[in-house]
1. Just one of (1) of a type in the set (S, T, N, Q); (2) within 12 Å of Leu22 (Cα to Cα); (3) in contact with a Leu (Cβ under 7 Å, 6 or more places away or on another chain) trips up Asn82, so point out which.
2. Please list, ordered by residue number, the helices (runs of 4 or more DSSP H) wholly in segment 1-91 having 2 or more residues that are closer than 21 Å to Ile178 by Cβ and without any contact (Cβ under 8 Å) to a residue 12 or more places away in the chain.
3. Val136 fails exactly one of the following numbered conditions: (1) assigned to a helix (DSSP H, G or I); (2) closer than 23 Å to Leu198 by Cα. What is the number of that condition?
4. When the residues of segment 123-176 are narrowed to those that are under 17 Å from the mean Cα position of the chain (by Cα) and among the aromatic types (Phe, Trp, Tyr), which ends up surrounded by the most Cβ atoms within 10 Å (Cβ to Cβ)?
5. Mind checking whether some residue in segment 92-102 is surrounded by fewer than 24 Cβ atoms within 10 Å (Cβ to Cβ), over 12 Å from Gly190 (Cα atoms), more than 14 Å from the chain's Cα centre (by Cα) and not aliphatic (A, V, I, L, M)?
6. Restricting attention to segment 143-153, does a residue exist that is within 21 Å of Cys85 (Cα to Cα), among the β-branched types (Val, Ile, Thr) and in contact (Cβ under 8 Å) with a residue 60 or more places away in the chain?
7. Considering only segment 68-77, state which residues are under 9 Å from the mean Cα position of the chain (by Cα) and surrounded by fewer than 20 Cβ atoms within 10 Å (Cβ to Cβ).
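Just so you know, all these numbers are worked out from the coordinates, no wet-lab data involved. Note that the structure is predicted; figures quoted are calculated from it, not measured. No Cβ is skipped: glycine too gets one built from the backbone with ideal geometry, and neighbour counts run over all protein chains shown.
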Amino acid sequence: MIIFPHRIETLEQVKPWSNWLLILACSLFSCGVLCDYITDESLIDSLILTDMMPGSVFGHVLLHADYLHLIGNMIFLWVFGNAICANTNNLIYPLIFLVCTLLAASVHIILDGSPVIGASGAINGLVGLTLAMYPVNRVSIFYLVFFVGGTFKVRAWIVILAWIAFDVIGLFVDGDGIAYWAHIGGFVGGLLLGLIALQFRWIQITTYDNRSLLEILKGEHPDLS
């Protein structure tokens, strides 16, 4: 069974080209390492998240363990990154991504500390931002079961809470091999960043996008349906 989101129903205010460039950079660098076109071991080692050095903190998003790891992360970066980028702008979005990367990396270093690669912690920050900005927008989900495929739609908050629940469960059940603390730290950091940005109107949603989580928490639009 294969299941993954492929689109969030939200107004696109600008073309999210900075997210496209980010996906391109992650994909090209990761493929370069996986295909042995990039073989400088000192460079690669400097990008693995092992400490709070800038190259380690921000460079680990460019590395992925294998093609499945890369494809999975890039699908989520495409869906959630495009939604955030298209409704902030192409100059602010890279800063948002860097902040999410820093938050995820910091939590991982403090609470885990094992060497980590991959953009999933930063992407979970974007997922947290999406929950803050578009909790009731619909997400289109693609599924494939025994060669029978299709799509269905569900509210963003349902998809996102289910997604983060797997990380919380995995933290206690699985433990090794996946940077669950980076995922959780990125998600919580992105959620708080989104709520703060909405409160101070650093970012604003459109009337098309119904209501933000901040409005729901304030009781202005309490309905999640």
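1. (3) is the only condition that Asn82 fails.
2. In segment 1-91, 67-76 are the helices (runs of 4 or more DSSP H) which contain 2 or more residues that are closer than 21 Å to Ile178 by Cβ and without any contact (Cβ under 8 Å) to a residue 12 or more places away in the chain.
3. Going through the list (1) assigned to a helix (DSSP H, G or I); (2) closer than 23 Å to Leu198 by Cα, Val136 breaks only (1).
4. Tyr134
5. Checked against the condition, which is being surrounded by fewer than 24 Cβ atoms within 10 Å (Cβ to Cβ), over 12 Å from Gly190 (Cα atoms), more than 14 Å from the chain's Cα centre (by Cα) and not aliphatic (A, V, I, L, M), segment 92-102 yields no hits at all.
6. No, there is no match, as no residue in segment 143-153 is within 21 Å of Cys85 (Cα to Cα), among the β-branched types (Val, Ile, Thr) and in contact (Cβ under 8 Å) with a residue 60 or more places away in the chain.
7. The one that is under 9 Å from the mean Cα position of the chain (by Cα) and surrounded by fewer than 20 Cβ atoms within 10 Å (Cβ to Cβ): Phe76.
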